[in-house]
Amino acid sequence: MSTTVNLDTLTSQLDALEARASDQIRRAASPPALEQLRISLLGKKGGQLSGVLGAMGALPHAQRPLIGQRANVLKQEIQELLNERLRQLEDAALTERLTKEAVDTSAPATYTPLGHAHPLLGTLDEIVTIFCGLGYQVVDGPEIETDHYNFSALNIPEDHPAREMQDTFYLAGGELLRTHTSPVQIRHLEGHTPPVRVIAPGRVYRRDAVDATHSPIFHQVEVLAVDEGLNFGHLRGTVIQFLQAFFGELPLRFRASYFPFTEPSAEVDVQWQGRWLEVMGCGMVDPAVLEGLGLDPERWSGFAAGMGVERACMVRHGIDDIRRLFSSDLRFLRQF
């Protein structure tokens, strides 16, 4: 700029730049073209606005703030126009893509891939099938239970240590999420007179930290038989028959154990990959449980057994981490 530059000249140049920028931005046809225009208008080196501001040094000091203020307002206006035009271009591109890639959801499918059972549900179904073949009936019950059915009716009073081992999630009103499916057995016996042979599969909850072998949500299968003259031999034969049907001809053993609702009680192990692995707990129904249900323990006897479905599934399929069963990772699930 020459020394003839004055306030009116620079103001006119800014007005002309404003009109020119508005027209050019409106006609920009793509985001890349819009970016080149932004550099041309507002670039620090070679930008049209910078060119006008560069001549501001020829003005008297008192007039420079007026041009500076006008330039700042213009810069903000141009930036807003650029942003608005970019949104318009992006919206138009998205609309065009949606139109081109539209799918007619009313058209009949040309191919429907076959699904398959989740390994956990497949294991549960197989366990149920084996026991149904042994003459057991499937029964179900609520997952939200009362203290009575989950603990007291199973010979687990308020101060019993087993409650700490089965710490659960307590709800308003004194209810809780069941820690095992044994309450289903109590509910069934309340409404049915022996003899009974039932299996109770379902989801249970315990306040366990998540790791490779524990989950706060898992599945159990409980087995109950009550009849006249049942003894531990009947229990042992039933357990052996089931485990051999499920795992095959594997070495197994019974170890003395303790459960509040059975007496005597035992843990059952199978020899798996060179080591003993606990797969089931069992025992004869404690007479106190039968008496609580109004059944004469001198006449009736029974046995119960229970196992975790996740453990059985992991052993069957060689799964090393229980969390894989709940991850919904298709790369894992497609193996089964």
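Read-outs throughout are calculated quantities, based only on the coordinates presented, and are distinct from any laboratory measurement. Remember, it's a predicted structure, so these values are computed and weren't measured experimentally. Here the Cβ is made from the backbone with ideal geometry for all residues, glycine too, and neighbour counts use every protein chain on show.
In the chain, once you exclude exposed trypsin sites (Lys or Arg not before Pro) (DSSP loop, at most 15 other Cβ within 10 angstrom), what's the longest stretch remaining? Longest site-free region, per DSSP loop and neighbour criteria: 46-206.
Once volume of the Cα convex hull per residue in Å³ is calculated for the structure shown, the corresponding label among (1) 170; (2) 128; (3) 287 turns out to be (3).
Placing R0 at 41 angstrom, the Cβ-Cβ distance between E126 and T95 gives a FRET efficiency of 0.20 after rounding to 0.05. Comparing S50, S265, S215 in a Gaussian network model of the chain (Cα springs below 10 Å), the most mobile by mean-square fluctuation is S50. Ordering H180, H214, H61 from the fewest to the most neighbouring beta carbons within 10 Å gives H61, H214, H180. Could you identify which residue out of L121, L293, L89 has the top mean-square fluctuation in a GNM of the chain using Cα springs shorter than 10 Å? Result for the chain, Cα springs under 10 Å: L89 fluctuates most. Segment A16..N72, full-extension length gain: 18.6 nm, with 0.36 nm per residue of separation and the alpha-carbon distance subtracted.
Partners of K75 within straight-line reach, counting lysines whose Cα lies under 23 Å from its Cα and excluding those fewer than 8 residues away in the same chain: K44, K45. Computed over the chain, the per-residue total of -39500 (n - 2.57) for DSSP H runs of n ≥ 4 gives a 222 nm mean residue ellipticity of -13500 deg cm²/dmol, rounded to 500.
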